[in-house]
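Reviewing the structure listed below.
The values are calculated or read from the model by the stated rules, or taken from the named source; none is laboratory data. Just so you know, these numbers come straight off a predicted model, no measurement behind them. Note that we place each Cβ from the backbone using ideal geometry, even for glycine, and neighbour counts take in every protein chain shown. Heads up: the accessible areas ignore ligands, DNA and RNA and are worked out on the full protein's heavy atoms, side chains in. Shrake-Rupley method; radii C 1.70, N 1.55, O 1.52, S 1.80 Å.
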Amino acid sequence: MHRLLLLGCFWLLTAPTVSSIFQRPTGSPAPPRLQYLLEPLHSTVHTQRGATATLPCVLRALPQNYRVKWSKVEPANYRESIIIITNGLYHKNYGPLSPRVHLRHSHRYDASLTITDVALEDEGRYRCQLVNGLDDESVSLTLHLEGVVFPYQPSNGRYKFNYHEAKRACEQQDSRLATYQQLYKAWTEGLDWCNAGWILDGTVHYPIINSREPCGGRLLLPGVRTYGAKDKQKDRFDAFCFTSALQGQVYFIRGHLNFKEAGQACRNHGAAIAKVGQLYSAWKFSQLDRCDGGWLADGSVRYPITTPRERCGGLPDPGVRSFGFPSKEMRTYGTYCFVGK
């Protein structure tokens, strides 16, 4: 008898796709009001990279035989990835999030999902689904990372990335392709950029605060302009990258260094030459403010300004300024280094 019970529990936990046969057909009536799940007080959970975040999912009653399934909606391919399944007694983790997730289980009605060491790719929409025989109900929550969006292009000029190259370029700079929501929020906070760039869902946009002739004309209202979905292999644009808080520190080493010497100077201090996303993060979250141009890992030279002033570029708004990609042999700049915690 005990073996049968255990086998039944194991089946419950190892059949993540079985609920798909019970999905309602298109055009069916809207699902009824929640019977077993409590509607969360707040549908968005705010966090930062490296933190621990909990997505609430609490039952008001326990059906006799039920499962709770957590999944993440992936905007790049419009699919749901299963994270964890529980029947109240046992649970099983799935996918790349598996080592960093567990059920909070502060009481027997609690099926909340806790994510430790939150990563950039964890941002997005999650679903807590209760399956009870032929009936199911669910609540959706959004995990929102505080961060900063920045436009990125390679050393050989604008509009050089297809989608996959743009995705890789952001990841190489300690960031990831921004979502539309992240780009829109950055626009509301002042991001004004005339070059179109890829975002995570494979669409292409550019944010405009000040309407002007080279950016669609003066008659168009400010906004996030869109080119829509483009061919991920053939079409080429820049990238909009997103990064969040650092698990470490960015600092400046003064000197007249070429690119190779800049990297060595950081290594001499037990650090690495900083990536573009790390500099943006230090500017955003640590208020790093320096008027000195410094080498970064991609061969660009930039400097972060928190308090705008005349002698530091003269621009009226805070930001990370760029000198582009000078010759790596030039001995003109210092270097920005990153050391992890």
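Tabulated data
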quantity	calculated
Between 0 and 90°, nearest 10: helix 2-13 axis offset from the chain longest Cα axis	40
Helix-only [θ]222 nm of the chain, DSSP H runs n ≥ 4, -39500 (n - 2.57) each, per residue, nearest 500	-4500 deg cm²/dmol
Residue 159/residue 268 FRET efficiency (R0 45 Å; Cβ-Cβ; nearest 0.05)	0.75
Estimated distance in nm for a label pair at residue 229 and residue 116, the labels positioned 7 Å out from Cα along Cα-to-Cβ	3.9
Degrees, to the nearest 10: 259-268 long Cα axis against longest axis of the chain	60
Extension gain, residue 98 back to residue 286 (0.36 nm per residue minus Cα-Cα distance, nm)	64.6 nm
D_trans [Stokes-Einstein, Kirkwood Rh over alpha-carbon pairs] for the stretch 147-243, 20 °C, 1.002 mPa s, µm² s⁻¹	163
Alpha carbon convex hull of the stretch 208-341, volume per residue in cubic angstrom	157
Highest average packing first - 199-205, 263-269, Cβ atoms within 10 Å	199-205, 263-269
Pairwise FRET efficiency - residue 168 versus residue 135, Cβ, R0 = 41 Å, nearest 0.05	0.40
Extended-chain gain in nm, criterion 0.36 nm per residue less alpha-carbon gap, residue 74 and residue 35	11.3 nm
Extension gain, residue 256 back to residue 220 (0.36 nm per residue minus Cα-Cα distance, nm)	8.5 nm
Descending semi-axes in whole angstrom, ellipsoid equivalent of the chain, from the Cα gyration tensor	45, 24, 17
Carbon + sulfur, % of accessible area of the stretch 45-182 - ligands and nucleic acids excluded, 1.4 Å	47
Distance between modelled label sites at residue 188 and residue 298, nm, 7 Å Cα→Cβ extension	2.7
Compactness relative to 2.2 N^0.38 Å, alpha carbon Rg of the stretch 37-145	1.00
Projected label distance in nm at residue 62 and residue 315, using a 7 Å step from Cα toward the beta-carbon	5.8
Set 185/230; 72/232; 69/284; 167/328; 92/185 screened for pairs whose C-alpha atoms are more than 27 Å apart	69/284; 92/185
Cα-based helix-to-principal-axis angle, 163-172 vs the chain, degrees rounded to 10	80
Per residue accessible area of the chain, 1.4 Å probe, in Å²	53
